[in-house]
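The structure under discussion appears below in the form of structure tokens.
The values are calculated or read from the model by the stated rules, or taken from the named source; none is laboratory data. Just so we're clear, the structure is a prediction, and the values are computed from it rather than from any experiment. Positions of Cβ are generated from backbone atoms using ideal geometry, with glycine treated the same way; all protein chains shown enter the neighbour counts.
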Ligand code: AMP
């Protein structure tokens, strides 16, 4: 595996691989890797010839009171893990490499898709995500880019951006990888105290219970939301940001559950904001 810090060097390597007819797979991350990230890299390894992973903690997607500075980082450990997954190029640009002085261009996906769910309480978050992902896609020019369904809204927004801007890449959504008790793996789980960590399993547990209720034809979304809020509130440190049931495709709110829906939630334990979701197909 080669670690590359500059856009110029990465582009030269990718051009060479493309000249040989190689298919490029790309996995963008913010590092502090776990099995969730690695599952994307392994899938890319299976499906493409040259795998590029990036580690870049993107300042533009963090709000002023969010955890950009504190976000966990461990480049040495991450490099070992990516190498074990068979990644060919690990791209680790500096903030100045991605946002040089006088940088002024942003990509904004408008409409409800970015305004609701995580967009409500994190203004500007998706603008930061779509800006950095479009830049990374322009730099790497992959055939396929791999994203986790853990960030279901992010995948939907990126998919929309790629279609609207005619970016020539296949977006591959990948399953959520969970810990032994069901908690979705996240770099932010390291912030949790041991008490909060124990309580946090209520998120996936309540989602799985809600899924069961839907399969038992309990289709009133208001009632399912009430059930979820009730279950999650049983954890004494949990502060609910949102619990929503939306159409799985356009993320619009649904009243009566039918077809494919996404149950998505964001809950704070102390200062740590966790997200999780489940797709339910009727
Ligand atoms: P992040 O480093 O949090 O920006 O995540 C980088 C990529 O890994 C995104 O596409 C995430 O959706 C994905 N990812 C993070 N956690 C998980 C998980 N538990 N399961 C699957 N994919 C994940």
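Some values worked out for this structure:
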read-out: Some residue of segment 206-222 being without any contact (Cβ under 8 Å) to a residue 40 or more places away in the chain, farther than 21 Å from residue 282 by Cβ and either within 16 Å of the ligand (Cβ to nearest atom) or in a helix (DSSP H, G or I) (or both); value: no
read-out: Helices (runs of 4 or more DSSP H) wholly inside segment 89-192 containing at least 2 residues that are more than 15 Å from the ligand (Cβ to nearest atom), buried (at least 18 other Cβ atoms within 10 Å of the Cβ) and in contact (Cβ under 8 Å) with a residue 12 or more places away in the chain; value: 112-115, 125-140
read-out: Count of residues meeting criterion [part of a loop (DSSP other than H, G, I, E, B) and either touching a strand residue (DSSP E or B) at 6+ places or on another chain (Cβ under 8 Å) or free of Cβ contacts under 8 Å to residues at least 12 places away in the same chain (or both)] in segment 252-277; value: 5
read-out: Filtered residues of segment 223-235 (kept if surrounded by fewer than 19 Cβ atoms within 10 Å (Cβ to Cβ) and in a helix (DSSP H, G or I)); value: 223, 225, 226, 227, 229, 230, 231, 233
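Matching residues to (1) without any contact (Cβ under 8 Å) to a residue 40 or more places away in the chain; (2) outside the structural domain of residue 124 (by TED's automatic domain parsing); (3) away from the ligand (no atom under 16 Å from the Cβ):
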position: 16; (1), (2), (3): yes, no, yes
position: 58; (1), (2), (3): no, no, no
position: 72; (1), (2), (3): no, no, no
position: 79; (1), (2), (3): no, no, no
position: 83; (1), (2), (3): no, no, yes
